[in-house]
1. Which whole-number percent is the relative contact order of region 66-167 (Cα, under 8 Å, 6+ apart)?
2. Quote the accessible area belonging to ARG16 in square angstrom, nearest 10, computed with a 1.4 Å probe and with ligands, DNA and RNA left uncounted.
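The values are calculated or read from the model by the stated rules, or taken from the named source; none is laboratory data. Here the structure is a predicted model, which means the values were calculated and not measured. To get the accessible areas, we keep the full protein, side chains included, count just its heavy atoms, and leave off ligands, DNA and RNA. Shrake-Rupley method; radii C 1.70, N 1.55, O 1.52, S 1.80 Å.
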Amino acid sequence: MIKKRLYIYVEGKRDRIFFNSLLNGMKHNYDKIIIKEYSEEDGKLKEDFKMKLKTHFQFSTDPYSPQSTYIFVRDSDGGCHNNLKNKISAKYKNIDIKRILIIRQEIESWYAAIVPDEKAQEFFGKSFKNTDLVAKEHFNNLIPKKFSSEIDFLSEILIHFSLQSAMIKNTSFRYFIETMLPRVDIHLKTTDT
């Protein structure tokens, strides 16, 4: 039986944790969703992973499963989205530009966006109207001392995940939910009333 898989290529650990949590609550028809980190070391992808990505994009899907697909995620780090997409497509010749998601500014902006206003004061000492420009350094400076580790803090934020808050506060998150997920046939779960 052919397996239908969705691969999500993310930059690092915080991204992987976020996407695992987010996609856990989504309705989909995939046999498996695989989230892979491709973090760069000294500006270069690890060579073995770089080869796997190139092979994957040559087929535009999983070479072992024509029903599989992918999303490639990258932080904007303040760069122009179109320029970043062009650089990625130049590096990986067969990547589908429609499957590249540029997070505005960095994944930390999405973490800040998912916190509802009533909890934001507790977590950050303030609430955000818009998190598009929240960078990692800014986010890290907001982590309360009461958390013993970064993972504890991120885990606590994810407990209070508010999709509505994130859709309002972050434009790239809203784009991901409204545009990217439907492209790969993932939808928000709905409850019958």
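1. Details: 116 pairs, mean separation 29.0, N = 102.
Value for region 66-167: 28 percent.
2. Probe radius 1.4 Å; accessible area of ARG16 about 70 Å².
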